[in-house]
Amino acid sequence: MNFFEMVRFAVRGLVANRLRSALTTLGILIGVGSVIILVAVGNGSSKQIQDNIAKLGTNTITVMRGGGGFGARAQSRNTQGKPLTVGDAVQLSDKKSAPNVKQAAPVSNATSVCTNGSSSTTPASFIGTWPSYFEAKNTKVVKGTYFTNDDVTEGRRVAVIGKTTASDLFGEENPIGKVMRCGGIPFSIVGLTETAGSNGFLDGDSLIISPITAVQRALTGYGNISSIVVQAKSAKVQDQAQIEIESILDKSHGISNVNSRDYRLLNQASLLATTTSTTKVFTVLLGAVAAISLLVGGIGITNIMLVTVVERTREIGIRKAIGARRRAILGQFLIEATILSLVGGILGVLVGFIGSNFMIVGVKPVIVPSSVFLAFGVSVFIGLFFGGYPASRAASLRPIEALRYE
Amino acid sequence: MAAVVVDNAPIIDLHDVVKQYGSGESAIFALDGVSLAIYPGEYVAIMGASGSGKSTLMNVIGALDIPSSGEYYLDGIDMASLDENQLAIVRGRKIGFIFQSFNLIPRTSALANVELPLAYQGIKIKERRIRALKALDLVGLSDRLTHEPTELSGGQQQRVAVARALVTKPALLLADEPTGALDSKSTADLLDLFDLVNAAGRTVVLITHEADVADRAKRTIRMRDGKIIEDTAKVLA
Ligand SMILES: Nc1ncnc2c1ncn2[C@@H]1O[C@H](COP(=O)(O)OP(=O)(O)OP(=O)(O)O)[C@@H](O)[C@H]1O
Ligand SMILES: [Mg+2]
């Protein structure tokens, strides 16, 4: 009997046991499909977070108050040392001492309730800064204008606001040119920022950005600022820029020991690295859940295969009695198992690819190629091994033993 | 002892064959030293009480089972010297086996069932089809080719089984109580078929409990407790 014949026999065997064949295929399909989709969801959500971080700005380094490290030690150090000042931001903008810095902007965070008649809102962030902030943080104005360096020098109370703030205060009306009162002090609105969306914790559109001079005079006072946003010339020179920032601040803050710095740097790259590693954990977890479902599916397949062979032991006996050799029987059952697991696996991959086109719990799944190969490989292996093993046992029975099998 | 065609070598030649189940006190001798020679063209009926070892003997003759001791030559070949694969070839080419419980492959058409032994012999699909159709025609089932076993009556199923046994043109047709599950009409039809097969020169061995079935055979062997106790040839008129 040649290979082609065995395939014909296997197909005939599968068709003869239609329902069971379909169920086995379904089991494999679900296992493979769920692994692919779940891993894709994990991967997709991690990509999404990375995109959000990238949106925050490119080549950006944020200088914050407080020493390096975390926990109580870092906190106690927060109260010591020099605070960050607008002067630091001015020094960091110096092209000579910081050639790799494109621009820097001080950030002063205010907390205030803003009103327009009876409407009011508390912006998630109320930032006083310089115009360079917009480019460094990749914040774009889509309606109206940015404020200018002139506005900063003159301390004009102008503001660029986000969409949420605009709709809270002015509803559907065009906010440009209107006036809102923050802490009782009027700010005229000159621009509306591009929709940023929410990152899950903060509404990026609940936002007010004003000249730092105006914010300090009206709300926070001229003391310390919260942070300085620095943009490196390119991603390549980010490390050099960081070294320049450190040497400038070490000098102005009078720091001789690197370990006792009263500020710390947060760069986009390291933020990305941390979140990537956390979302990787998430993906691995989802993958583990999916792998368990594949395993359970595999046990189901094994069960069906075992039952199939046991139930067909008598049939195997008949086939041997009319002259089937061991090879022919083993071949038929192995090919049956292969077809089942291949078809189930391929359909599972198909379902995985189709399912990954849909948004799942707000995440756009992104398929991980290795998960496809792994799921497919495991399912085929399970099908072959657990279909092949009992078949080979049955094929070695003496015909009379197989025939007597009840 | 019967001696029908003495000048020929026996097709079945058993020497002191023993089949033992279990050991020691609880040992059962399903065959207890059976010696038997059957010559080509004979028509032999095996009778005996239930449990006397008839099926065991038939299974040994049909190469489905292996004796515990003794020698078995089929067509001059020492069966003990054959491996599993060679035994499968012998079963496929020399022996047609008919079971009391039909033993057709379930959910498979009558035609496919009859083609199966030819497929295992590696015969081409076209020739397979022609021979299977011919065998089914011989048993009068040309109008039931696509029916599956569950769609056939007992008698029809047994006829499919006979067609499957005959399609390979075996020298030896073995039947273990082939009429046990059939009514008198089907039994008569089947026995007519056996007569036909035997008339064509094939050796037929069948097990039966019914005297009138055994009557159709030319030689009757009686068994008791794993031994042959009587072996009579019909005196030909
Ligand atoms: N696999 C087995 N294990 C143990 N004992 C067995 C086995 N097969 C058969 N026997 C025993 O061997 C003896 C002969 O059995 P066998 O099937 O040959 O009887 P039989 O003559 O065909 O009976 P029947 O007319 O009922 O079919 C019986 O006593 C039976 O119990
Ligand atoms: Mg019996």
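The values are calculated or read from the model by the stated rules, or taken from the named source; none is laboratory data. Quantities reported herein were computed from a predicted structural model and do not represent experimental measurements. Cβ: placed from backbone, ideal geometry, glycine included. Neighbour counts: every protein chain shown. Surface accessibility is based on the protein's heavy atoms, side chains included, excluding ligands, DNA and RNA. Shrake-Rupley method; radii C 1.70, N 1.55, O 1.52, S 1.80 Å.
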Hey, any hits in segment A:331-339 for a residue that's open to solvent by 20 Å² or more (accessible area, probe 1.4 Å), hydroxyl-bearing (S, T, Y) and over 20 Å from the mean Cα position of the chain (by Cα)?
yes
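Okay, residues lined up against (1) within 11 Å of another protein chain (Cβ to nearest Cβ); (2) open to solvent by less than 10 Å² (accessible area, probe 1.4 Å); (3) within 18 Å of A:I354 (Cα to Cα):
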position: A:N2; (1), (2), (3): yes, no, no
position: A:V11; (1), (2), (3): no, no, no
position: A:I28; (1), (2), (3): no, yes, yes
position: A:A40; (1), (2), (3): no, yes, yes
position: A:G44; (1), (2), (3): no, yes, yes
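Just a yes or no: is a residue in segment A:169-180 touching a residue at least 60 places away in the same chain (Cβ under 8 Å), of a type in the set (V, I, T) and open to solvent by less than 50 Å² (accessible area, probe 1.4 Å)? Step through it out loud before you land on a result.
Filtering segment A:169-180 for residues touching a residue at least 60 places away in the same chain (Cβ under 8 Å) gives A:178-180.
From what is left, the residues that are of a type in the set (V, I, T) are A:179.
Remaining after also requiring open to solvent by less than 50 Å² (accessible area, probe 1.4 Å): none.
Within segment A:169-180, not a single residue is touching a residue at least 60 places away in the same chain (Cβ under 8 Å), of a type in the set (V, I, T) and open to solvent by less than 50 Å² (accessible area, probe 1.4 Å).
Does segment B:58-103 hold any residues that are within 22 Å of A:E406 (Cβ to Cβ) and of a type outside the set (S, T, N, Q), and which are they?
Initial filter on segment B:58-103 (within 22 Å of A:E406 (Cβ to Cβ)): B:58-60, B:62, B:64-66, B:97-103.
Of everything in segment B:58-103, those that are within 22 Å of A:E406 (Cβ to Cβ) and of a type outside the set (S, T, N, Q) turn out to be B:M58, B:V60, B:G62, B:L64, B:D65, B:I66, B:F97, B:I98, B:F99, B:F102.
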Given the condition within 12 Å of chain A (Cβ to nearest Cβ), surrounded by 16 or more Cβ atoms within 10 Å (Cβ to Cβ), within 18 Å of B:D176 (Cβ to Cβ) and more than 16 Å from ligand 2 (Cβ to nearest atom), answer yes or no: does some residue in segment B:60-81 qualify?
yes
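Can you tell me which residue among A:R319, A:R312, A:R326 is of a type in the set (K, R), within 14 Å of chain B (Cβ to nearest Cβ) and touching an Asp or Glu at 6+ places or on another chain (Cβ under 8 Å)?
Numbers: A:R319 fails: touching an Asp or Glu at 6+ places or on another chain (Cβ under 8 Å); A:R312 fails: touching an Asp or Glu at 6+ places or on another chain (Cβ under 8 Å).
Sole residue among the options that is of a type in the set (K, R), within 14 Å of chain B (Cβ to nearest Cβ) and touching an Asp or Glu at 6+ places or on another chain (Cβ under 8 Å): A:R326.
Within segment A:253-280, which residues are within 20 Å of A:K364 (Cβ to Cβ) and either without any contact (Cβ under 8 Å) to a residue 24 or more places away in the chain or acidic (D, E) (or both)? Walk me through how you get there before you give the answer.
Pass one, segment A:253-280, residues within 20 Å of A:K364 (Cβ to Cβ): A:272, A:275-276, A:278-280.
Once the filter is applied, which keeps residues that are within 20 Å of A:K364 (Cβ to Cβ) and either without any contact (Cβ under 8 Å) to a residue 24 or more places away in the chain or acidic (D, E) (or both), segment A:253-280 yields only A:T278.
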Given the criterion over 19 Å from B:P10 (Cα atoms) and among the hydrophobic types (A, V, I, L, M, F, W, C), identify the matching residue among B:I61, B:I89.
B:I89
For segment B:215-226, state whether one or more residues are assigned to a strand (DSSP E or B), open to solvent by 60 Å² or more (accessible area, probe 1.4 Å) and either more than 14 Å from chain A (Cβ to nearest Cβ) or within 16 Å of ligand 2 (Cβ to nearest atom) (or both).
yes
Within segment B:163-178, considering residues that are away from ligand 1 (no atom under 13 Å from the Cβ) and of a type outside the set (A, V, I, L, M, F, W, C), the one nearest to B:G76 (Cα to Cα):
B:P170
Scan (1) modelled with pLDDT under 95; (2) within 16 Å of ligand 2 (Cβ to nearest atom); (3) open to solvent by less than 10 Å² (accessible area, probe 1.4 Å) for the single condition B:V162 breaks and write down its number.
(2)
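Quickly run through segment A:185-217 and pick out the residues that are on the phi > 0 side of the Ramachandran plot and open to solvent by less than 50 Å² (accessible area, probe 1.4 Å). Show your work before the answer.
Of all residues in segment A:185-217, those on the phi > 0 side of the Ramachandran plot come to A:197, A:200.
If the condition is that a residue be on the phi > 0 side of the Ramachandran plot and open to solvent by less than 50 Å² (accessible area, probe 1.4 Å), then A:G197 is the only one that fits.
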Filter result for A:K140 (surrounded by fewer than 17 Cβ atoms within 10 Å (Cβ to Cβ), basic (K, R) and at pLDDT below 95)
yes
Just need a number here: residues in segment B:172-194 that are away from chain A (no Cβ under 14 Å), in contact with a strand residue (DSSP E or B) (Cβ under 8 Å, 6 or more places away or on another chain) and more than 16 Å from ligand 2 (Cβ to nearest atom).
1
If B:N103 satisfies all but one of (1) within 16 Å of ligand 2 (Cβ to nearest atom); (2) open to solvent by 20 Å² or more (accessible area, probe 1.4 Å); (3) farther than 21 Å from B:M223 by Cα, what's the number of the condition it fails?
(2)
Selection from segment A:266-283 of residues that are among the aliphatic types (A, V, I, L, M) and either within 11 Å of A:T60 (Cα to Cα) or open to solvent by 70 Å² or more (accessible area, probe 1.4 Å) (or both):
A:L266, A:A269, A:L271, A:V281
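Could you tell me which residue of segment B:113-134 is surrounded by the most Cβ atoms within 10 Å (Cβ to Cβ), considering only residues that are away from chain A (no Cβ under 13 Å) and within 21 Å of the chain's Cα centre (by Cα)? Walk me through how you get there before you give the answer.
Step one: of segment B:113-134, the residues away from chain A (no Cβ under 13 Å) are B:126-127, B:129-131, B:133-134.
After this cut, where a residue has to be within 21 Å of the chain's Cα centre (by Cα) as well, the list is B:131, B:134.
Numbers: B:R131: 20, B:K134: 14.
Top of the filtered list is B:R131.
Given A:N303, A:N267, A:N257, A:N224, which one is out of contact with any Asp or Glu (no Cβ under 6 Å at 6 or more places or on another chain), modelled with pLDDT under 85, over 26 Å from A:L38 (Cβ atoms) and not assigned by TED's automatic domain parsing to the domain that holds A:K102? So that I can check it myself, show each step before the final result.
On the way: A:N303 fails: over 26 Å from A:L38 (Cβ atoms); A:N257 fails: not assigned by TED's automatic domain parsing to the domain that holds A:K102; A:N224 fails: not assigned by TED's automatic domain parsing to the domain that holds A:K102.
The conditions single out A:N267.
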Scanning segment B:30-59 for residues that are touching an Asp or Glu at 6+ places or on another chain (Cβ under 8 Å), among the polar types (S, T, N, Q) and within 16 Å of ligand 2 (Cβ to nearest atom) gives B:S52, B:S55, B:T56, B:N59
